[in-house]
Amino acid sequence: MRPTITILAVNTGSSSIKFSLYESGVGEELLFSGNLTRIGGADGRFTVADASGKFIDCRRLETADHEDACRRAFAWIRASGQGVPDAVGHRVVHGGQRHAAPETVSPALLDSLDELIPYAPEHLPQALHAVRYAAWLFPGVFQVACFDTAFHSAMPAVARLYALPEPYRTAGVRRYGFHGLSYEYILSELAASNEPVARRGRLLIAHLGHGASMAAVLDGRSIDTTMGFSPAGGLVMGTRTGDLDPGVILFLQRQGHLSADGLRELVNRRSGMLGVSGRSDDMRDLLEAGARDEASRQAVELFCYQARKHAGALAAALGGLDMLVFTGGIGEHAPEVRQRICSGLEHLGIRLDAGRNQENLPIISHDSSAVSVRVMKSNEELAIVRQTRRLLEAR
């Protein structure tokens, strides 16, 4: 029998902190999960729910920055009455070339990740602060860094390559891919339900949320993905541009006199569906406004068009398609978006059942569809818990 232990999963984003506490034994049991959103903004919200989804805490909470948000979130966890966790696992967005598997947190690892901050300046400083704060609050507790890039680390060399001179490639400028914890979780759930495609087959996973990407998985291994060097590449997202001609950046730098920080703000926080619509980065708002507002309609249309185009490209990399899985907030809850993306992919064997799609059923493809199309809820925090447990047992 595996001993039952408590594991805290911490998932830091560029403007949010998610956390979940699990009891891990033969299986995993959620004790509570929380979310602190819009860090640094005037409309932040803090919510915590139990395993049934019932709110334990729900309130508006303004935080000055990630350090303030981290203090607030960990203070709630410490006061929850659950005691000190046996282990803490952290989502770390970027592992660079050095870190292709979960690792025990150590001073040497933190030094290495500090050097990688220029690779992901929107995410890594926040994650590193959370790791260090947890070490201070829970001294001696086993901590694990779980890398979002690790899932894609075995992609074929040609899929990792940028057409740049060798010195830049040697320095680490290459395609890494992200959302790896989400993809790993989806793959593990398919394997647990004895879906053959989890081990042998051509699988396309679409993680569509505020951040959005797709991954082509062949025989259980990532062979390509839409995000590249940073999470800003690939699909159009809530506030991120997605793929952008480098000439646009050079033009804006020259004509708009934008600094590196100004360009980073533009690419990551002011563009995407927010930039096109001028209204919102939330797909729900844009779908509702689309009937009366042309800019909102155009933002949704661009999102779906680019996703459909990338899906076709990844299907080509796979040599065909056996299954398409939609996940993430938009992927799970927006039937109109799923329909728009799949419309035009009939040549790949995709055919949706309109009724199943509208009801958000687990399988939304028509019985005659050659490709199984599914809707699955992802759980990055549970993937973190499982990686942390494996590393703890290996130690």
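The values are calculated or read from the model by the stated rules, or taken from the named source; none is laboratory data. Keep in mind it's a predicted model, so treat the numbers as computed, not measured. Cβ atoms come from the backbone with ideal geometry, glycine included; neighbour counts cover every protein chain shown. When the accessible area is computed, the model is the full protein with side chains, heavy atoms only, and any ligands, DNA or RNA have been set aside. Shrake-Rupley method; radii C 1.70, N 1.55, O 1.52, S 1.80 Å.
Just a few scattered comments:
- Just one of the numbered conditions (1) on the phi > 0 side of the Ramachandran plot; (2) assigned to a helix (DSSP H, G or I) is not true of A135: (1).
Listed here are the residues, each with its yes/no results for (1) assigned to a loop (DSSP other than H, G, I, E, B); (2) touching a Cys at 6+ places or on another chain (Cβ under 6 Å).
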residue	(1), (2)
L110	no, no
P121	yes, no
A130	no, yes
G140	yes, no
A145	no, no
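- Qualifying residue in the range 68-89 (condition: under 17 Å from the mean Cα position of the chain (by Cα), under 21 Å from E380 (Cβ atoms), in a loop (DSSP other than H, G, I, E, B) and touching a residue at least 24 places away in the same chain (Cβ under 8 Å)): no
- Within the range 235-254, being open to solvent by 40 Å² or more (accessible area, probe 1.4 Å), outside any helix (DSSP H, G or I) and of a type in the set (A, V, I, L, M, F, W, C) holds for one residue alone: L244.
- Residue match in the range 97-104 (condition: modelled with pLDDT of 95 or more, open to solvent by less than 30 Å² (accessible area, probe 1.4 Å) and under 30 Å from R160 (Cβ atoms)): yes
Per-residue answers, yes or no, for (1) touching a residue at least 60 places away in the same chain (Cβ under 8 Å); (2) open to solvent by 10 Å² or more (accessible area, probe 1.4 Å); (3) over 26 Å from D281 (Cα atoms):
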residue	(1), (2), (3)
H152	yes, no, yes
P165	no, yes, yes
G172	yes, no, yes
G177	no, no, no
L203	yes, no, yes
M214	yes, no, no
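- Note on the range 34-57: residues that are assigned to a loop (DSSP other than H, G, I, E, B) and either open to solvent by 30 Å² or more (accessible area, probe 1.4 Å) or modelled with pLDDT of 95 or more (or both) total 8.
- Qualifying positions in the range 255-271 - of a type outside the set (A, V, I, L, M), buried (at least 16 other Cβ atoms within 10 Å of the Cβ) and in contact with a Leu (Cβ under 9 Å, 6 or more places away or on another chain): S271
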